[in-house]
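Nothing in this text is a laboratory measurement; each read-out follows from the coordinates by a stated rule. Note that the structure is predicted; figures quoted are calculated from it, not measured. Every residue, glycine as well, gets a Cβ built from its backbone with ideal geometry; the counts of neighbours run over all protein chains shown.
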Amino acid sequence: MGKGKDKKVEFWEADPRLALLVDDHFDLAAFDREATPGWAGSEKDYKDYLALRAKELDDLQERLFAHGRTGHNERILLVTQGLDTAGKGGLARHVMGLVDPQGVKLTAFKKPTEAEQKEHFLERIKRALPGPGMIGFFDRSHYEDILVPAVNGAPAEMLNERAAEIAQFEQDLIADGCRIIKVCLMVSYREQGRRLQARLDRPDKYWKMSPYDLVVRSQWYHYQSVYQAMLRSTSTDAAPWMAIPADNKWYARAAVTEALTRTLEEMDLGWPEANFDIAEQRRILNLTMPPEDISKESKRATQAAEKAAKDEEKAAKKAKKAEEKAKKEALKAKAKEAEEAKKAEATNAAAKEEQTEANDDPKVVKAEATKTAEVKTDDKSNESAKAKTNAKSETTAKANAAKKSGGTKRTTRKSTAKSKTTKTGSTRASSSKRATTAKRSTSTKRTSGTKQANGTKRATSSKRSSSTKRSAAAKRSTATKRATGTKRTTKAKSK
């Protein structure tokens, strides 16, 4: 981080009032409750930022208070909303604690009393509004009169009527010189559980805990949907909502501190002019003071006047710089919108041109006509096939009905025949058993005879085989001898 008077610029890369703005596209379901939008530093830089910005905030708030004392009507209303443990009380202590408490009017709204329930819901809000030169801080607010009834199932007509009344009420306040800053602290379900656990674990936090907190926690998702609808419908150009991720307490406090300080800077508050004759009052005072003190006081007065002039010049430069930055951001936004509109227009023109060319092209026209004809042909074919299928289904149904009718008669006949067959079958079964026994006996005898015959045949065959082998061997022996004798005779003759 840099040093000096411009250090605060480096802490924030974007105005938190814009970075956290609720618009028509705000989606609470996708909202990151641990994020730090617009913050350029880290958590370690928070203390340095606060030390620097707190001095500027204190000076600006004193100027606002001074204007209220001198007949001016400027004032600020800081509205805070959020579920239990979101950090509303922390803002009251750590942000509003940076300024002179005599210039702050803090109101914590609870459940309406019986008397308050009998009057219009905005009456108790009007009684708590800040006077001229004051900063009003609402811990919960008139928006509870939309949130709670909505969760309890109030009709949409009543809720819309109240939202319209609130919008008009805030518009009237702005016209009367009141700046409105609306912040909604969005803590995650998990982080809320941790903070409630701390209230149960620490005796110094018991006083913050209420059993009703857990009742509200059980309706978490219902409250989220109601908050989504309420924030969108009541975030106006004159009094927009800032949805602040609240899991990091330091970031939520830094965002509200910056939003409040920038709002005061934009009011461009100098020190009020004197409404009396300064020289005459100085003359009267000097009559009551020793000469040596007069010279000292005169010197101090001169120094104070010079300092005041410098401070005023510095404040004017800051206000001008903030105004120029806001104008630049607005111009960028308009340029971006114009560029997007131009792109969309070009895309539409190209699409129209392509469509025109397609309509004028004979091939495309012919193709479209062919396609239409094919579709009609397919439709006729499908209708014909459907008719055939229906006719076939009717024929099949009739045939099945006829079969079922005939089948019933056949079943009856078969049952009668079956009973007769059963009796006859038992008699035949007895005869069959006797015949089977006789056949088995005969078969056994035949098998024994067959085995004996086979044994005899094998023996005879074996003998014949042996005799044949011997005869063949004898023949071979004789042939061999003859061949040997012939060879010898041949050799003798040759000699």
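Could you list His120, His67 in order of exposure, starting from the residue whose Cβ has the fewest other Cβ atoms within 10 Å?
With the sparsest Cβ surroundings first, the list reads His120, His67.
How far is the Cα center of segment 220-279 from the Cα center of segment 12-71, in Å?
Answer, in whole Å: 8.
Taking R0 as 51 Å, what FRET efficiency do you get between Thr107 and Lys352 from their Cβ-Cβ distance, rounded to the nearest 0.05?
Computed FRET efficiency for Thr107 and Lys352 comes out at 0.30.
Work out the FRET efficiency for Ala338 and Glu266 from their Cβ-Cβ distance, taking R0 = 25 Å, and round it to the nearest 0.05.
0.45
Counting other C-beta atoms within 10 Å, and keeping those with at most 15, which DSSP coil trypsin sites (Lys or Arg not before Pro) do you find in segment 36-132?
Lys110
Using a/c under 1.5 as the rounded threshold, could you call segment 154-197 rounded, prolate or oblate? The axes a ≥ b ≥ c are square roots of the C-alpha gyration tensor eigenvalues, and prolate needs a/b larger than b/c, oblate otherwise.
Since a/c reaches 1.5 but b/c is at least a/b, the shape of segment 154-197 is classed as oblate.
Can you list residues from other chains, or at least 5 along the same chain, whose modelled amide H is less than 5 Å from the amide H of Ala154?
Result for Ala154 returns nothing.
Can you give the FRET efficiency for Lys118 and Val148, using 1/(1 + (r/R0)^6), R0 = 25 Å, r = Cβ-Cβ distance, to the nearest 0.05?
Using R0 = 25 Å, I get an efficiency of 0.90.
So which GluC sites (Glu not before Pro) in segment 255-340 end up in coil per DSSP with only 12 or fewer other C-beta atoms within 10 Å?
Those satisfying the criteria are Glu273.
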